[in-house]
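Q: Here you go, one structure.
The values are calculated or read from the model by the stated rules, or taken from the named source; none is laboratory data. These numbers come from a predicted model, not from an experiment. Here Cβ is always computed from backbone atoms with ideal geometry, including for glycine, and neighbour counts include all displayed protein chains.
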Amino acid sequence: METVWTTALAGLIVFAAFGLICGLALAYAAQRFAVKVDPKIEAVRACLPGAN
Amino acid sequence: MKISRFLITTSFCLVLLLLGLAPVMAEGVGSGSFQKDTGIEISFGLPVDEAWAKNPANFDVYEKSDPDIKIAVDSVTLDPRRISATLRFKEPLNLAAEYVVDAKDITSDGKVIGARQFTIKKSETQVLFGLLLGAMLISNFVFTKYLGLCIFFGVSQKKDTAIGMGITFTTVMILSAVMCWALLTFVLLPYNLSFLRIIVFIGTVAIFVQAVDTILRKVNPYLFKRLGVYLVLITTNCIILAVPLENADGGHGPFASFTYALGAGVGFAIALFLMACVREKLEVCRVPPSFQGLPIAFIVAGLFALAFLGFSGLAIF
């Protein structure tokens, strides 16, 4: 039982850390390569009925 | 411009890789080389007696893993300088295995010098090249394994999107294959977590696809728009998951993983490009109404698969 817990914990820690690092890197990339979208486009679209 | 810079970087990395492999290629004394798959050439370093060398009983040949199973030598030929000998065998050798040749009582100018052992193995570069060729042409993932057909039919309508997709796909494939190798070797295997590998590999692929998606949106909006939903669908592609899984099953190292991914990616790019060439022509052809669109594309893919059968058994080394 002991080994099962250590295995599970090790896996959890390593993959949580890996996910965190990659998430931060992706967030940084998203900021760095951000494409400017005019907020007015979204606002206008929200006002439209959007039927088609 | 961006693509050319990418190509330059890639080729630079390849040259570095080859330089790193150079010491592996130069092997020390006591080694030999395969002559096709029915012969082994060994070099003694000094002239030996022809009468001794001509006797096949003086050589014991076996696979290193099975020392008890001796392989019968059919004939031995010496080169004119009497320094190197070529052993011929009736049955083809397994080129992936490591062979050992024991030469007993080597005789030079009437004097017995003693025994000497030779090991014969394909060099690392040859193994890597075999992997590359295998993944690219011989067992092309699209045409002989029928994997990744979703993107294959989705993006092969125009040549430029096919090329863009090929490059993007290869990049993601190489990055994720090397990353998956590292995760498998340093995390999954030591902690006995290899049952998690499919989910871990898909997660790794998703990270790189997201990164490529973010970067491509800014760098090449035209290509981004043309690739559309298929760019994100790379994540769920069979090939991109099959490559790390096959690397894990085959016990490939970092270089082998890299090469296998490169071969698979380039093979997929070749398949996409060929298909796009044909489908651009199909646009102006008179196709029977019931075959228009996807059905004729499937028939063309089948014909390509038949043509790719011609690569089976191809071996350069």
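Q: Go over the candidates B:R116, B:R82 one by one and state the one that is closer than 20 Å to B:G30 by Cα and either touching a helix residue (DSSP H, G or I) at 6+ places or on another chain (Cβ under 8 Å) or in a loop (DSSP other than H, G, I, E, B) (or both).
A: B:R82
Q: Here is a further query. I'm trying to understand the selection: among the residues of region B:148-200, which are assigned to a loop (DSSP other than H, G, I, E, B), within 14 Å of another protein chain (Cβ to nearest Cβ) and not aliphatic (A, V, I, L, M)?
A: Across region B:148-200, the qualifying residues are B:P190, B:Y191, B:N192.
Q: Which ones in region B:147-165 are surrounded by fewer than 22 Cβ atoms within 10 Å (Cβ to Cβ) and under 18 Å from B:A135 (Cα atoms)? Lay out the reasoning, then the answer.
A: Taking region B:147-165 and keeping what is surrounded by fewer than 22 Cβ atoms within 10 Å (Cβ to Cβ), we get B:147, B:149-150, B:153-154, B:157-161, B:163.
Of everything in region B:147-165, those that are surrounded by fewer than 22 Cβ atoms within 10 Å (Cβ to Cβ) and under 18 Å from B:A135 (Cα atoms) turn out to be B:L147, B:L149.
Q: I'd like to verify a number: residues in region B:236-256 that are loosely packed, with under 15 Cβ neighbours inside 10 Å and of a type in the set (D, E, K, R), how many?
A: Selection size over region B:236-256: 1.
Q: What is the number of the single condition among (1) surrounded by 12 or more Cβ atoms within 10 Å (Cβ to Cβ); (2) modelled with pLDDT of 85 or more that A:L20 does not meet?
A: (1)
Q: Return yes or no: is B:F308 part of a helix (DSSP H, G or I), surrounded by fewer than 20 Cβ atoms within 10 Å (Cβ to Cβ), in contact with a Phe, Trp or Tyr (Cβ under 6 Å, 6 or more places away or on another chain) and of a type outside the set (D, E)?
A: Here the answer is no, as B:F308 does not meet what is asked.
Q: If you go through region B:128-176, how many residues are closer than 13 Å to B:F258 by Cα and among the β-branched types (V, I, T)?
A: Within region B:128-176, residues that are closer than 13 Å to B:F258 by Cα and among the β-branched types (V, I, T) number 4.
Q: While we're looking at this one, here's another question. Out of everything in region B:53-85 that is surrounded by fewer than 15 Cβ atoms within 10 Å (Cβ to Cβ) and of a type in the set (A, V, I, L, M, F, W, C), what residue ends up being farthest from B:I40 (Cα to Cα)?
A: Across region B:53-85, the extreme among qualifying residues is B:I69.
Q: Next question. Go through region B:220-235 and count every residue that is exposed (fewer than 15 other Cβ atoms within 10 Å of the Cβ) and not aromatic (F, W, Y).
A: 5
Q: Now, a different point. Only one of B:F201, B:F169, B:F195 is aromatic (F, W, Y), farther than 16 Å from B:I239 by Cα and assigned by TED's automatic domain parsing to the domain that holds B:N140. Can you tell me which?
A: B:F195
Q: Let me ask something else. Suppose we filter B:F298, B:F258 for residues that are in the same structural domain as B:S139 (by TED's automatic domain parsing), at pLDDT 95 or above and out of contact with any strand residue (DSSP E or B) (no Cβ under 9 Å at 6 or more places or on another chain); which single one remains?
A: Details: B:F298 fails: at pLDDT 95 or above.
Exactly one of B:F298, B:F258 is in the same structural domain as B:S139 (by TED's automatic domain parsing), at pLDDT 95 or above and out of contact with any strand residue (DSSP E or B) (no Cβ under 9 Å at 6 or more places or on another chain), namely B:F258.
Q: Anything in region B:160-213 that is more than 18 Å from B:A248 (Cβ to Cβ) and in contact with a Pro (Cβ under 7 Å, 6 or more places away or on another chain)? List them, or say none.
A: none
Q: Right, here's the next one. Within region B:255-276, track down each residue that is within 13 Å of the chain's Cα centre (by Cα) and of a type outside the set (S, T, Y).
A: B:F255, B:A256, B:F258, B:A261, B:L262, B:G263, B:A264, B:G265, B:V266, B:G267
Q: For region B:235-253, check the following and say yes or no: at least one residue is within 14 Å of another protein chain (Cβ to nearest Cβ) and either under 24 Å from A:G19 (Cβ atoms) or aliphatic (A, V, I, L, M) (or both). Full working, then the answer.
A: From region B:235-253, those within 14 Å of another protein chain (Cβ to nearest Cβ) are B:235; that's our starting set.
Filter again for either under 24 Å from A:G19 (Cβ atoms) or aliphatic (A, V, I, L, M) (or both), leaving B:235.
Within region B:235-253, one or more residues are within 14 Å of another protein chain (Cβ to nearest Cβ) and either under 24 Å from A:G19 (Cβ atoms) or aliphatic (A, V, I, L, M) (or both).
Q: Only one of (1) more than 30 Å from A:A10 (Cβ to Cβ); (2) of a type in the set (F, W, Y); (3) modelled with pLDDT of 90 or more fails for B:F186. Which number is that?
A: For B:F186, the failing item is (1).
Q: So, in region B:30-48, exactly how many residues are crowded, with 17+ Cβ neighbours inside 10 Å and not in a strand (DSSP E or B)?
A: Residues in region B:30-48 being crowded, with 17+ Cβ neighbours inside 10 Å and not in a strand (DSSP E or B): 2 in total.
Q: Looking at B:A206, B:A211, which one is in a helix (DSSP H, G or I), modelled with pLDDT of 90 or more and at the interface with another protein chain (Cβ under 9 Å from one of its Cβ atoms)? Even if it seems obvious, please write down each step before you answer.
A: Numbers: B:A206 fails: at the interface with another protein chain (Cβ under 9 Å from one of its Cβ atoms).
So the residue among B:A206, B:A211 that is in a helix (DSSP H, G or I), modelled with pLDDT of 90 or more and at the interface with another protein chain (Cβ under 9 Å from one of its Cβ atoms) is B:A211.
Yes/no per residue for (1) within 12 Å of chain B (Cβ to nearest Cβ); (2) over 30 Å from B:F195 (Cα atoms); (3) part of a helix (DSSP H, G or I):
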position	(1), (2), (3)
A:A8	yes, no, yes
A:F15	yes, no, yes
A:A27	yes, no, yes
A:V35	yes, yes, no
A:E42	no, yes, yes
A:P49	no, yes, no
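Q: Only residues that are of a type in the set (V, I, T) and either more than 19 Å from B:K145 (Cα to Cα) or not in a helix (DSSP H, G or I) (or both): list them for region B:226-284, please.
A: If the condition is that a residue be of a type in the set (V, I, T) and either more than 19 Å from B:K145 (Cα to Cα) or not in a helix (DSSP H, G or I) (or both), then B:V229, B:V232, B:V278, B:V284 are the ones that fit.
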